[in-house]
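For reference, the structure discussed in these notes is given below.
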Amino acid sequence: MAVPKRKTSPSKRNMRRSHDSIGKLNIIEDKDSGEPRLSHKIDLSTGMYNGRQVLKKKSPKQ
């Protein structure tokens, strides 16, 4: 079993963990609908992506 020879200092420990943080979401306002959405994702309310109709808009069941 591997056992460290020296205690890891808090500075070295924290430097190792510097990339473990959670990044913030890139939420933008949609140009067409004005609703917030993630960038590079389809707008589910309209079905548009990059100026093109990708999904058909669902109509509510009656």
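Key figures for this structure:
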{"read-out": "Residue count, the stretch 1-53 (criterion: of a type in the set (Ser, Thr, Tyr) and in contact with an Asp or Glu (Cβ under 9 Å, 6 or more places away or on another chain))", "value": "4"}
{"read-out": "Pair list, Cβ < 7 Å and 6+ apart or interchain, from the stretch 42-56 residues that are on the phi > 0 side of the Ramachandran plot to residues that are open to solvent by 70 Å² or more (accessible area, probe 1.4 Å)", "value": "47/53; 47/54; 47/55; 47/56; 47/57"}
{"read-out": "Lone unmet requirement of (1) touching a strand residue (DSSP E or B) at 6+ places or on another chain (Cβ under 9 Å); (2) modelled with pLDDT under 85 for residue 43", "value": "(2)"}
{"read-out": "Neighbours by Cβ (under 8 Å, 6+ apart or cross-chain): first from the stretch 21-37, closer than 22 Å to residue 51 by Cα; second aliphatic (A, V, I, L, M) and exposed (fewer than 11 other Cβ atoms within 10 Å of the Cβ)", "value": "36/27; 37/27"}
{"read-out": "Subset of the stretch 6-62 [exposed (fewer than 10 other Cβ atoms within 10 Å of the Cβ), among the charged types (D, E, K, R) and either within 19 Å of the chain's Cα centre (by Cα) or part of a loop (DSSP other than H, G, I, E, B) (or both)]", "value": "6, 7, 20, 24, 29, 31, 56, 58, 61"}
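The values are calculated or read from the model by the stated rules, or taken from the named source; none is laboratory data. The structure presented is a predicted model; accordingly, all values stated were derived computationally and were not measured. Virtual Cβ from ideal backbone geometry, glycine too; neighbours counted across all protein chains shown. To get the accessible areas, we keep the full protein, side chains included, count just its heavy atoms, and leave off ligands, DNA and RNA. Shrake-Rupley method; radii C 1.70, N 1.55, O 1.52, S 1.80 Å.
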